[in-house]
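Worksheet: one structure, shown below.
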Amino acid sequence: MAGPAAVIVACAVTIWLAVSSSDGLVADDYYKRGLAINQELRRDQAALNLGISAGIEARGGVLRVRLTARGAAPEALFAQLVHSTRAGHDQRLRLPRVAPGIYETGLPALPAGRWRIVLEDPRGEWRLTPTLTLPLAEGAGKGEGKEGL
């Protein structure tokens, strides 16, 4: 009798968990988010069409971006640091231009892991999305982004 009773209790607990907890992976506004993807893809394509590419270095508490582009470079960049698994650690930073094609800002202490960096101009016309892995090993600390991938 203990076997069937244990199965009934386990089934009741499973049903309670399914009903009482929310599914964090399904967005309530999934349709709107799907439509917004097209806008993001246009911004990635705009970066490609403008010949924009970036080299990223994260060393000594400084995030440095070397931007190459045809035409005028913006006065500043925005960098959104997105952790691959912990959304609570995400950061948005403003990088002012310190020299032609070079943008820098202080980098807060970040947990180890793989970080996606979304670089965009202040007007939101283009974006690049290179990745960076922390902690940095000797000689590491660089990320590249060209087509927004």
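The values are calculated or read from the model by the stated rules, or taken from the named source; none is laboratory data. Note that this is a predicted model, so its numbers are computed, not measured. Positions of Cβ are generated from backbone atoms using ideal geometry, with glycine treated the same way; all protein chains shown enter the neighbour counts. We work out accessible area using only protein heavy atoms, side chains counted, and drop any ligands, DNA or RNA first. Shrake-Rupley method; radii C 1.70, N 1.55, O 1.52, S 1.80 Å.
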Report task. Compute, for Thr68, the solvent-accessible surface of its heavy atoms (probe 1.4 Å) with the complete set of protein chains present, and express it in square angstrom to the nearest 10. Result -> 80 Å²
Report task. Would you be so kind as to identify which of Trp126, Gly71, Ala109 lies farthest towards the positive end of the dipole of the stretch 58-134, taking Lys and Arg as +1 and Asp and Glu as -1 on Cβ and the Cα centre as origin? Result -> Ala109
Report task. Subtract the Cα-Cα distance of Arg70 and Gln45 from 0.36 nm times their separation in residues, and report this length gain in nm to one decimal. Result -> 7.5 nm
Query raised in the report: At Tyr31 and Val9, where each label point lies 7 Å from the Cα along Cα→Cβ, what is the point-to-point distance in nanometres?
Result: 4.5 nm
Query raised in the report: About its Cα centre, what dipole magnitude does the stretch 1-104 give when the only charges are +1 on Lys and Arg Cβ and -1 on Asp and Glu Cβ, stated in debye to the nearest 20?
Result: 460 debye
Report summary line: What the Cα atoms of the stretch 1-107 span along the principal axes, largest first and in whole Å, is 78, 36, 17
